[in-house]
Each structure stands twice: as C-alpha cells, then as structure tokens.
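The values are calculated or read from the model by the stated rules, or taken from the named source; none is laboratory data. In this text the structure is predicted, and so the values were computed from the model without any measurement. Positions of Cβ are generated from backbone atoms using ideal geometry, with glycine treated the same way; all protein chains shown enter the neighbour counts. All accessible areas refer to the heavy atoms of the entire protein, side chains included, with ligands and DNA or RNA removed. Shrake-Rupley method; radii C 1.70, N 1.55, O 1.52, S 1.80 Å.
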Amino acid sequence: IDFSAVGDWPFREVGIQYIEADELLPDTACVCEFDMRTVTETPRHLTGTLVSGKDAIVYGLCGWFDAKLSENVQLSTSPFSKRTHWMQFHFPFDRRLEIVAGVPNEIAIEIIPQGDQNGYTWQIRSPNGLRKGSTWAEHER
C-alpha cells in the first residue's frame with residue numbers, strides 16, 4: 001500500500017491536547033488581543049513576534065487564551081497556568097526550525113471559517129527559514 005498521498009497528513013492537523021509547560025520555550029508571543037464586550041466576529045488574522053531568551057529547536061506553535069472576566073477574575077488555558085478542562089492548540093511544522101536567542105521570529109495564524117468548524121494556516125518566519133502549516137490540503141504551503 002502506498003501511503004505517500006497522506007504522508008504529510010499529521011502536519012495538516014491542528015492538535016487539541018494538553019501540552020506541558022516544560023515542553024515549551026518559556027517565552028511567549030501575544031498574537032491577538034480584543035475586548036469581548038465590543039468584538040463582533042472572530043479575528044481572522046493573528047500576528048505576533050517571538051523573541052526567545054535561548055537558542056532552541058522548535059517543531060510547532062502552541063496556542064491558548066487568557067481572559068480577564070472581571071477585575072478580580074481571570075481565566076487562562078496556558079500550559080504555564082493551573083490546568084483547566086480546556087486544552088491547548090498545537091500547530092505543527094513539517095520540519096524543525098532553529099530559533100536563535102534574542103532574534104525576532106514573526107508568527108502569523110489565519111482562521112478560516114469552514115461551516116461549523118474553522119480551518120487554519122500558520123507560519124513562523126525566522127532568519128533560519130520559514131515554516132508553514134495548513135489544515136487545507138489544497139492550500140498553498
């Protein structure tokens with residue numbers, strides 16, 4: 001059986017799973033911030049810059065949300081916070097990327113409405129290259 005047609009399938013899937021804090025760089029990048037009292041639709045384009053405090057090899061991006069529900073109530077699904085029933089998103093790369101300490105790495109995530117679900121494209125651009133992923137098999141990679 002020739003499985004070559006689905007060989008990159010794992011790299012087109014956004015994983016929803018618990019990710020442990022020690023599996024991640026300690027540095028984070030905010031890719032979106034909005035006020036739930038005034039937002040009218042899900043933001044489609046999320047961008048941010050990650051500057052790592054150490055050299056590292058990365059295999060994907062991890063996503064979560066932090067919400068300030070009131071002045072004294074906050075909710076975080078971050079792997080660095082107390083675990084909730086919400087898991088993190090894992091956006092995998094098709095190959096590893098070397099990150100250099102102190103150097104900016106540009107992150108972009110696009111949310112693509114697809115009926116009752118969302119599709120995603122994601123990328124990180126660093127001086128060592130560009131890594132992308134997409135839940136769309138036909139999307140330009």
Checking region 53-115 for GluC sites (Glu not before Pro) in a loop per DSSP with at most 15 other beta-carbon atoms within 10 Å yields 71
Per q in 0.15, 0.17, 0.19, 0.21 Å⁻¹, report the Debye log10 I(q)/I(0) for the chain, using one uniform scatterer on each alpha carbon and no solvent. -0.84, -1.07, -1.30, -1.49
Most fluctuating of 108, 21, 29 in the GNM of the chain (C-alpha, under 10 Å) is 21
Accessible area per residue, 1.4 Å probe, Å², for region 36-141: what's the number? 65
Given R₀ = 25 Å, FRET efficiency for residue 69-residue 125 by Cβ-Cβ distance, to 0.05? 0.15
Hey, any idea what % of the chain's accessible area is carbon plus sulfur with a 1.4 Å probe? 52
Starting from the Cα gyration tensor of region 15-55, take the square roots of the eigenvalues, sort them a ≥ b ≥ c, and report rounded, prolate or oblate (rounded when a/c is under 1.5, otherwise prolate if a/b is larger than b/c, else oblate). prolate
Given N residues in region 27-104, what is its alpha carbon radius of gyration divided by 2.2 N^0.38 Å? 1.28
Mean Cβ neighbour count within 10 Å, used as a protection proxy, ranking 125-131, 35-41, 89-95 highest first: 89-95, 125-131, 35-41
Taking r as the C-beta separation of residue 85 and residue 37 and R0 as 22 Å, the FRET efficiency to the nearest 0.05 is 0.35
With every protein chain kept in the model, how would you rank 132, 54, 68, 82 by accessible area, 1.4 Å probe, largest at the top? 82, 68, 54, 132
What are the lysines whose alpha-carbon lies under 20 Å from the alpha-carbon of residue 82, with same-chain residues fewer than 8 places away excluded? 68
